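Notes follow the structure.
Laboratory data are not the source of any read-out in this text; all were calculated from the coordinates shown. Please read all numbers here as calculations on a predicted model, not as lab measurements. Glycine also receives a Cβ, built like all others from the backbone with ideal geometry; neighbour counts cover every protein chain displayed.
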Amino acid sequence: MKKTTFVALLLLSAQCFADNIKVSLQDIETEWATIYYNTPKSKQSPAYHQLLNKLMVLSEQHPNDADLIFWQAVVKATNADHQDALTALDAIKEARSLLIKAIQINPETMNGSAYVTLGTLYYMAPKWPISFGDDKTAQEMLETALQINPNGIDSNYFYGDFLLSHDKAAEAIKYFEKAATSPARNDQLYADKQLKAEANLALKSAKERKINSSKGLFLSLFN
């Protein structure tokens, strides 16, 4: 076999591998979004377990694929909502470890979404000594995600959510606006459309909170 032919075959094989993984990731994203947004709560946990099993099979074949590791973390973290407290705490710790591993392999995993998810875990998890919750680390992770993907729907939405949870409605508004108006990604169309809808609701809530806060400040002048 000629050397040039051999190289061409290698390149073709690499392209097929990349295409197969891409298709698999799109299927995983679609299945996760369908479970999260459309499946009745009572049926979500079994569905997450089935999806995780698929991910485990793929990850055994491609153990160093950062995107697959990322999705393992996402499924574990979202399924934690359906578990008892102790099991849920273990699940989010496992998710954190997986996200850290994905970032070590590729700091820009899922175009910054690994940092988004990690940051969200840090501000939603209970603080020490119960768990690893830490607002400072959460902010650092979320801001890193914004540096990687300043126009991302998820990076803007979850940073806005972080700010709103810390009573910074005025600051949160611009991030919700960005999330609501950013175009959905073709490879994550369904999930992005759902998150854009949530961003619009959050934007409305942030604006109402800002107005109420301003009214409260005004009325406090007369107390």
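Here is how the numbers come out for the structure above:
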item: For region 141-180: rounded, prolate or oblate by the Cα gyration tensor [a/c cutoff 1.5]; result: oblate
item: Simple label model, 7 Å out from Cα along Cβ direction - K93 to E171, nm; result: 3.1 nm
item: Amide H within-cut-off set for G133, under 5 Å, with H built and near neighbours excluded; result: K127, W128
